[in-house]
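Participant: The following block contains the structure, expressed as C-alpha cells.
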Amino acid sequence: MLDTLSRSWALLLGVLLLMVGNGVQASLLGIRGAIEAFSTFEMSLVMSAYFAGFLGGSRFAPDLIARVGHVRVFAALASFISAILILFPVAANPWAWVVLRFLIGFCFSGVYVTAESWLNNAASNEHRGKALSLYMIVQSTGIVLAQGLLLTADPSGFVLFVIPSVLVSIAFAPILLSVAPTPIFGTSKSMSFAHLFQISPLGCVGIFLVGGVYSSMFGMAAVYGTQAGFDVGEISLFVAMIYIGGMVLQYPFGFLSDRMERRQLIVTAAAIGALGAGIGILAGSFPVLLLAAFLIGGMSSPLYSLLLAHTNDYLDPEDMSAASGRLMFITGMGSIGGPLATGWLLEAFGPSGFFAFSAAVLAVLAGYGLYRSTKRPSLSVESTGNYAAIPPTASRVTLEVAQDYYQEGPEAGSGATPEQS
C-alpha cells in the first residue's frame, strides 16, 4: 500500500481536491435551491442532469483523449469545472442549473477517465488492487471532507461556490506536474445488452437499481435535508454519514465476497439497505436518521462491487472489456432515474419519500436476488475471481482495471460459464 501511495500520491492528492470540490457543489446546490425557492421537481431535474452529463462524458472522453491527449483534455475539462462552479449563483434559474449540472457531469466524467487512466498507468500489475482501494478511499474521503466546508460560509452567498472552484483549480497542479502520458485507449469488441442480460440477469438488473439508489443518495440527500427542516450542519453530517458508511463497510463485504457465495451477500446487503431505509421512514430522531444514512450508504457501494464481481463470474475474460461499457451505460441510466423518482416521491409523500425510494428499490433487488438463486446453481468460491472495491461513479478505465484484477483470482481466466438463463 505504501509503495502504491509513493508512486501515486500527487495524482491521489489532485483527485482528493477534485472530490472535495464535487462534494461541496452537490450538497450546496440542494441547500441553495431551497433558498432560491426552486421546487422539489426542479431540483430533481438539476440533480439528474449531472448523471446524464456523466454518462455522456464517459462515452466521449476517450475519443477526446485520442484526438488531443490526456493533458489537454484534463486541463480543459477541469478549467470548465472551475468556471461552471462560480456560475451557479450568477444564473439562479432552475433551467440554467440543469444545463450547468449536465456540463459539470460531462466534465467530471472526462476528468475521472483521464485521472484513472494515469493511476492505472502508474500502478504495477501486482499493485493495481491496492491502487483501486486507495482510489476508493480518496474519493469517499474527499466527499466527506467537503461536507465540513459547508459550515465555513453562508450558503446564500458566493463564498461556498468560490471555494470548490479554487480547489478544482489547485487540483491541476499536482496532477499535471507529476504524470506522464498514457497509452491511447484501445478498442474492444461490442456486446449487446441482450447477450449481457442472458449472461447475468442479476448483474444487469442489480447494477441498474443500485445506480438509482446511489444517485438518489448523492443528488437528493441535501434536498431531503432542506425539506425535513435540517440546518446546514445537520445536512452536512447526514450526507457525510452516507459516504462514511460506504467507505467503512465496503471492505468487510469484500472480505466475505472472496469466501462465500456472492448472491447470498447481494441479497443480504440489499435487505440490510432496505431495512436501513425503513428505519429512516420511521425515525423519530436525528441520530436514528444518521444510522439509516450509514446503512443505506454502507450497502449501496458494496452492492455495486458485488454485482460487478458476480457478473464477471459468468463472463469469459475476452468479453470483460466489452461488458464494461454496457455495464457503465446500465449504471448511468439507473443513475439518471434515481433523482427523478426520488423528487416525485418527495413531492407526493414529503420527506419520507426520500427513504421510500431506497427501501423499495433495495427490497426489489433482494427479492430478485432470491429469485435468481432458484434459477442457477451456485458457483464454488474457488471458481470465482477477486472482489474489487470501486464506486458506482468509476469510469470505464477503472471498471476494466477491476476486471483485470478480478482475473487474478483462483481459477480466473478459465472461461468457464455455468449454465445460463
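The values are calculated or read from the model by the stated rules, or taken from the named source; none is laboratory data. What you see is a predicted model; the values in this text were computed from it and never measured. Virtual Cβ from ideal backbone geometry, glycine too; neighbours counted across all protein chains shown.
Participant: Go through Ile170, Ile184, Ile175 for me and flag whichever is under 24 Å from Ile390 (Cα atoms), modelled with pLDDT under 90 and not in a loop (DSSP other than H, G, I, E, B).
Facilitator: Values: Ile170 fails: under 24 Å from Ile390 (Cα atoms); Ile184 fails: not in a loop (DSSP other than H, G, I, E, B).
Just a single option satisfies the conditions, and that option is Ile175.
Participant: Contact list please: Cβ distance under 6 Å, first residue in the range 198-218 and on the phi < 0 side of the Ramachandran plot and surrounded by 24 or more Cβ atoms within 10 Å (Cβ to Cβ), second residue among the hydroxyl-bearing types (Ser, Thr, Tyr) and not in a helix (DSSP H, G or I), pairs at least six apart or on different chains.
Facilitator: If the second residue must be among the hydroxyl-bearing types (Ser, Thr, Tyr) and not in a helix (DSSP H, G or I), the pairs left are Ser200/Tyr314.
Participant: Could you pull out the residue among Gly30, Gly21, Gly56 that is surrounded by fewer than 22 Cβ atoms within 10 Å (Cβ to Cβ) and either without any contact (Cβ under 8 Å) to a residue 60 or more places away in the chain or of a type outside the set (Ser, Thr, Tyr) (or both)? Let's see the steps before the verdict.
Facilitator: Working: Gly30 fails: surrounded by fewer than 22 Cβ atoms within 10 Å (Cβ to Cβ); Gly21 fails: surrounded by fewer than 22 Cβ atoms within 10 Å (Cβ to Cβ).
One residue alone meets the criteria, Gly56.
Participant: Can you tell me which residues in the range 344-395 are under 22 Å from Gly334 (Cα atoms), not in a helix (DSSP H, G or I) and not aliphatic (A, V, I, L, M)?
Facilitator: Answer for the range 344-395, where residues must be under 22 Å from Gly334 (Cα atoms), not in a helix (DSSP H, G or I) and not aliphatic (A, V, I, L, M): Pro351, Pro391, Pro392, Thr393, Ser395.
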